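The block underneath contains the structure these notes are about, expressed in structure tokens.
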Amino acid sequence: MQDGKASAGAVTALGATVVIWAFSWIVMKLVLKYAGPFDFSALRYSIGAALLFAVLVVMRRPLAPPPLGGTIVTGLAQTAAFQGLGQFALTSGGTGHVVLLAYAMPFWAVLLAWWLLGERPARRHWIGLGLAAIGLTCVIAPWNGLGNPVSTIFALVGGMCWALGTVTSKRTFQRYNPDPLTFTAWQMAFGAAGLAIVAFVVPQRAIDWSPAFIAGLAYSVILATSLAWTLWLLVVRKLPTAVASVSSLAVPVISVLMAWVVLHEAPTGSEWLGMVFIVAGLVAVSGVRLARSTQTPPAGGTGAT
């Protein structure tokens with residue numbers, strides 16, 4: 001009975017996490033009315049890192065930084081570059097368009113893992129990459145003149161940086177096995193520092209500390225970063241990897257639908273088709289078998305939002 005309740009609680013946590021992360025992209029778009037992209041990202045992750053360190057103190061988890069090389073690279077790639085470029089892409093691109101391109105991350109991760117970790121892609125990976133190439137082509141729609149090329153390029157490069165951070169974090173866990181929460185706090189801190197430098201250097205509009213901006217910042221820090229990350233730790237410990245992996249694929253799909261309802265950004269026909277191919281490619285790359293997989297993946301990333 002207790003196992004059943006635990007699983008039910010984990011499923012609820014998974015559903016809440018997916019919805020929180022999906023709506024986070026809507027919030028990221030809305031706050032651009034009140035602040036520059038890099039100012040917002042720097043604030044979000046500086047406060048988020050501080051909260052995570054507070055959690056470490058309360059939980060009496062290790063505070064000493066993990067090996068700095070992998071931690072710094074992960075923070076700069078996965079937090080600073082991905083989040084900063086993704087937020088910047090939203091300044092000129094539609095939310096659904098940016099999310100779909102950013103969520104091509106697993107395909108770049110396959111190629112980077114081959115290059116950096118020597119993990120040769122399997123047949124299913126090549127199938128997934130082929131489906132992704134079709135899907136990305138449909139989303140970018142070069143026959144329509146690339147839409148907004150700046151937004152497209154920054155979203156794609158942001159996804160590549162997320163992939164790099166994923167690979168470097170995996171290598172760090174393989175070599176040193178740091179405490180997941182400690183690693184997350186430190187990489188987020190280094191990423192926030194990188195974002196703060198960019199925010200200081202790049203000219204942006206002054207922050208409008210309106211109630212709407214404060215609400216958006218609170219959502220991003222408390223719900224999308226702190227609460228969702230805590231819920232995700234519960235999910236990966238209680239549910240099979242396959243269930244968590246496949247369910248997380250709903251994030252870009254739900255984000256597209258939310259952008260349609262909230263922001264009135266109706267997806268084009270080619271974006272709908274691209275979404276189908278991208279999700280199919282993600283499923284192929286993950287190689288999940290829902291009835292058999294029970295392994296828990298290593299934690300340590302924040303790239304979902």
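The values are calculated or read from the model by the stated rules, or taken from the named source; none is laboratory data. Worth saying up front: this structure is predicted, and the values here are computed from it rather than measured. Positions of Cβ are backbone-derived with ideal geometry, glycine not excepted, and every protein chain shown enters the neighbour counts.
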Within the stretch 151-165, does at least one residue satisfy the condition of being crowded, with 24+ Cβ neighbours inside 10 Å and in contact with a Ser or Thr (Cβ under 6 Å, 6 or more places away or on another chain)?
yes
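Please determine whether any residue of the stretch 113-131 is part of a helix (DSSP H, G or I), surrounded by fewer than 21 Cβ atoms within 10 Å (Cβ to Cβ) and in contact with a Pro (Cβ under 6 Å, 6 or more places away or on another chain).
Yes.
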Restricting attention to the stretch 25-48, which residues are within 23 Å of Phe190 (Cβ to Cβ) and surrounded by fewer than 22 Cβ atoms within 10 Å (Cβ to Cβ)?
Gly36, Leu43, Ser46, Ile47
Wholly within the stretch 224-267, helices (runs of 4 or more DSSP H) carrying at least 2 residues that are at pLDDT 90 or above and closer than 24 Å to Ser41 by Cβ:
250-262
For Ala206, work out the one condition from (1) modelled with pLDDT under 85; (2) of a type outside the set (Val, Ile, Thr); (3) not in a helix (DSSP H, G or I) it doesn't fulfil.
(1)
